[in-house]
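J.: I'd like to ask you about the structure that follows.
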Amino acid sequence: MSASREQRRERLVEVYEEASVCTKCPLAETRTNVVFGSGNADAALMFVGEAPGAEEDRQGLPFVGRAGALLTQLLEGIGMGRDQVWITNVLRCRPPGNRDPQPIEIESCQPYTHRQVELIEPRVIATLGNFATKLLTGSRVGISRVRGTPQLREIAGRSVFLMPLFHPAAALRTPSVAEILREDFGKLPELLDRPAPEAAASLPAAELAGSTEARADQLDLFG
């Protein structure tokens with residue numbers, strides 16, 4: 001028997017409590033806050049980005065800087081709000097100087113990502129950028145080659161639709177990337193309306209890919 005909504009939320013809070021004092025990698029020594037994730041704890045759509053930046057580290061919340069403002073705008077463009085989705089990152093502590101995540105950091109944080117998938121039970125996971133896409137697909141293929149095409153994946157024991165997207169930070173730097181990101185974002189509503197991923201497992205691969213060319217604050221946001 002699967003856990004109830006209340007049980008899953010209680011367990012998610014327990015995972016947050018564990019993550020908030022995590023010392024599994026050296027980033028524990030330089031962070032200000034652990035950025036666990038925020039949003040709707042029963043979301044059908046989860047976003048996984050790369051790592052917290054300076055503003056995220058200060059506030060303890062994900063995607064609250066310029067990239068976060070763009071993410072909010074993109075969500076509004078498809079008729080959704082941040083209170084309807086769950087937002088997290090591959091890393092929950094800011095790498096010094098916003099450098100790329102290191103393998104030991106990704107490995108140390110991966111269990112928290114999987115526990116969030118397990119407890120929130122999303123139907124669609126949108127990966128933002130290379131690091132999230134490579135981690136959750138288990139593939140070394142870069143984001144430029146796979147972006148905008150949904151994949152059927154098993155993550156944390158759940159079958160999910162995975163949609164690779166460019167990271168909003170890349171869109172802020174390059175107008176052409178922003179245009180592509182907005183176009184790919186527009187495919188998410190149709191993907192959310194598809195049959196459950198378990199049922200879709202029997203669909204031909206061509207059909208699956210072809211039809212879409214701070215502490216208290218965080219706990220309060222486990223909607």
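The values are calculated or read from the model by the stated rules, or taken from the named source; none is laboratory data. Computed from a prediction, not measured in an experiment: that's the story for all the values here. For neighbour counting, all protein chains shown are included, and Cβ atoms are generated from backbone atoms with ideal geometry for every residue, glycine included. Accessible surface is based on the protein model in full, side chains and every heavy atom, while ligands, DNA and RNA are left aside. Shrake-Rupley method; radii C 1.70, N 1.55, O 1.52, S 1.80 Å.
J.: What is the number of the single condition among (1) part of a loop (DSSP other than H, G, I, E, B); (2) touching a helix residue (DSSP H, G or I) at 6+ places or on another chain (Cβ under 8 Å) that Tyr112 does not meet?
T.: (1)
J.: Here is a further query. When the range 66-94 is examined, which residues are found to be outside any helix (DSSP H, G or I) and surrounded by fewer than 21 Cβ atoms within 10 Å (Cβ to Cβ)? Before you say what the answer is, go through the steps one by one.
T.: So the first thing to find is which residues in the range 66-94 are outside any helix (DSSP H, G or I), and the list is 78-81, 85-94.
Residues satisfying the conditions are Ile78, Gly79, Met80, Gly81.
J.: While we're looking at this one, here's another question. From the list Phe36, Phe47, exactly one residue is part of a loop (DSSP other than H, G, I, E, B), open to solvent by less than 20 Å² (accessible area, probe 1.4 Å) and at pLDDT 95 or above. Which is it?
T.: Values: Phe47 fails: part of a loop (DSSP other than H, G, I, E, B).
None of the other options fit; the residue is Phe36.
J.: Could you please give the count of residues in the range 175-194 that are over 17 Å from Ser144 (Cβ atoms), part of a helix (DSSP H, G or I) and open to solvent by 30 Å² or more (accessible area, probe 1.4 Å)? Steps first, answer last, please.
T.: In the first step, residues of the range 175-194 are kept if they are over 17 Å from Ser144 (Cβ atoms); the result is 186, 188-194.
Still in the list and also part of a helix (DSSP H, G or I): 188-192.
Checking which are open to solvent by 30 Å² or more (accessible area, probe 1.4 Å) leaves us with 189-190, 192.
Final tally of qualifying residues: 3.
J.: I would also like to ask the following. Every residue in the range 115-157 that is open to solvent by less than 10 Å² (accessible area, probe 1.4 Å), among the hydroxyl-bearing types (Ser, Thr, Tyr) and part of a helix (DSSP H, G or I), please.
T.: Thr133
J.: Among (1) in a helix (DSSP H, G or I); (2) within 14 Å of the chain's Cα centre (by Cα); (3) among the hydrophobic types (A, V, I, L, M, F, W, C); (4) farther than 22 Å from Pro103 by Cα, where does Val160 come up short?
T.: Evaluating Val160 over (1) in a helix (DSSP H, G or I); (2) within 14 Å of the chain's Cα centre (by Cα); (3) among the hydrophobic types (A, V, I, L, M, F, W, C); (4) farther than 22 Å from Pro103 by Cα leaves (1) as the failure.
J.: Tell me which residues, restricted to the range 1-33, are of a type in the set (A, V, I, L, M), at pLDDT 95 or above and either under 19 Å from the mean Cα position of the chain (by Cα) or open to solvent by 10 Å² or more (accessible area, probe 1.4 Å) (or both).
T.: Step one: filter the range 1-33 for residues of a type in the set (A, V, I, L, M), giving 1, 3, 12-13, 15, 19, 21, 27-28.
Of the ones still in play, those that are also at pLDDT 95 or above are 12-13, 15, 19, 21, 27-28.
Matches in the range 1-33: Leu12, Val13, Val15, Ala19, Val21, Ala28.
J.: Here's something else I'd like to know. Could you give every pair whose Cβ atoms fall below 7 Å, whose first residue belongs to the range 119-139 and is more than 17 Å from Lys187 (Cβ to Cβ), and whose second residue is hydroxyl-bearing (Ser, Thr, Tyr), counting only separations of at least 6 or pairs across chains?
T.: Hits for this filter: Leu136/Thr127.
J.: Let me ask something else. Quickly run through the range 21-43 and pick out the residues that are closer than 21 Å to Arg82 by Cβ and not charged (D, E, K, R).
T.: Just the residues of the range 21-43 that are closer than 21 Å to Arg82 by Cβ, to begin with: 33-43.
The answer is Asn33, Val34, Val35, Phe36, Gly37, Ser38, Gly39, Asn40, Ala41, Ala43.
J.: Looking at the range 171-189, which of its residues are over 16 Å from the mean Cα position of the chain (by Cα) and among the aliphatic types (A, V, I, L, M)?
T.: If we filter the range 171-189 for residues that are over 16 Å from the mean Cα position of the chain (by Cα), which is where we start, we get 171-180, 182-183, 186-187, 189.
Of everything in the range 171-189, those that are over 16 Å from the mean Cα position of the chain (by Cα) and among the aliphatic types (A, V, I, L, M) turn out to be Ala171, Leu172, Val177, Ala178, Ile180.
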